[in-house]
Structures are given as structure tokens and as C-alpha cells.
1. Taking just the alpha-carbon atoms of the range 13-67, what radius of gyration and Dmax come out, in angstrom?
2. For a quick check of understanding: with a 1.4 angstrom probe and all protein chains in place, what accessible area in square angstrom does TYR149 have, to the nearest ten?
3. Cα extents of the chain along the three principal axes, largest first, in whole Å?
4. Note down the accessible area of PHE116, probe 1.4 Å, to the nearest 10 Å².
5. Please compute the per residue accessible area over the range 107-154 with all protein chains in place, 1.4 Å probe, rounded to a whole number of Å².
6. Which whole-number percent is the relative contact order of the chain (Cα, under 8 Å, 6+ apart)?
7. In degrees from 0 to 90, rounded to the nearest 10, what is the angle of the helix 2-28 Cα long axis to the longest principal axis of the chain?
8. Compute the separation of the alpha-carbon centres of the range 1-74 and the range 109-161 and state it in Å as a whole number.
Amino acid sequence: MRALKIAACAAVSLLVVTLLLVAYLFLTAQVEIVSVTSTGASLESDPETFESLRSAVEQETFQGTLFNRPSEWGSAGDYALIAYTVRLRNGCLVPIDMIEAQVVPQSQDILQIGDFQVRSLEAKTEGDITASILTAKNSHAIREVIVTYYVWGVSFSVRTTYGG
């Protein structure tokens, strides 16, 4: 009888320690956006990039997210590429399996260039992810960026507004 009491106390103690460990992991599991920066460039100096994006959209071979299809494209000088770089901090004790960034478009945005490289982030580290959009040249850089990440196949997302 005494051995069963000892075994029961040990099992309850192990359960309490396990629950405390899971609670600690849950409370400290934070993925946060440390910073967001943007760089913009007019496509007037890079007409090859503009032509390749335009022809891919017109031929329906564009890989990425198409926001608005212009009825008339105009020239390369009418457009700009804005690249948003998001620095993430993985505060979890487990790695992030996959990370992707999506820019919430505004009316003058044309497309977001697809990024098909699988990005991951090890536990307790920082890393960058970039999202690039094609927009009208006179557009401002204030955008909302949604970062979606997967931990053990479960998706989570973090939102931030750059420039606002």
C-alpha cells in the first residue's frame, strides 16, 4: 500500500512539473516584429525588370500576388518597387517552420512579387524576411504588413504598420 502512495505522489508531482513547463513554454513563446524598413526604387532606371513583370502579368505567368491589373501600363518611369524588410525575433524554444510576409495593398498597388524560398527561424534567434511590391511612382510607403509563421504545422500571424 505504501508503494502505491509513493507512486501516486510521484505521478502527481511529475504531472505538476509537466504542466508548469508547458505553461512556461506557452507564456514565453513570442514571435515579435523587431523592426520594419523599406527601400524604394523607381523603375525608370531598370526598365528590364518592369518589362519582365508587365509581360508576365499580360501572359498570365506572373508568380506572386496580383492586386490590380492596369488597363494601360504606361512606361517604366510611372512605377516603383518598394521592398519591405521585416526583422523577426523568435522567442520560442522551438524553431519556426515557415515564414511568409504579405503586404496589404492600397489602390495604386499593382502586385507583390512572389518569394518561393522556404524561410525558417531557429529558436531564440532573429531573422529578416522581405516582401516587394510594384506600385505607382507617386505612392507613399505606408503599408500594413502581415507576417504568417508556422510552428509544428499551426499557423499564427503578426501584423504591423510601417510608416504610419
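The values are calculated or read from the model by the stated rules, or taken from the named source; none is laboratory data. Since this is a predicted model, take the numbers as computed values, not measurements. Just the protein is used for accessible areas: all its heavy atoms, side chains included, with ligands, DNA and RNA removed. Shrake-Rupley method; radii C 1.70, N 1.55, O 1.52, S 1.80 Å.
1. 24.1, 68
2. Rounded to the nearest 10, that gives 30 Å².
3. 87, 32, 23
4. 140
5. 52
6. It rounds to 24 percent for the chain.
7. 20
8. Using only Cα atoms, the two centres lie 8 Å from each other.
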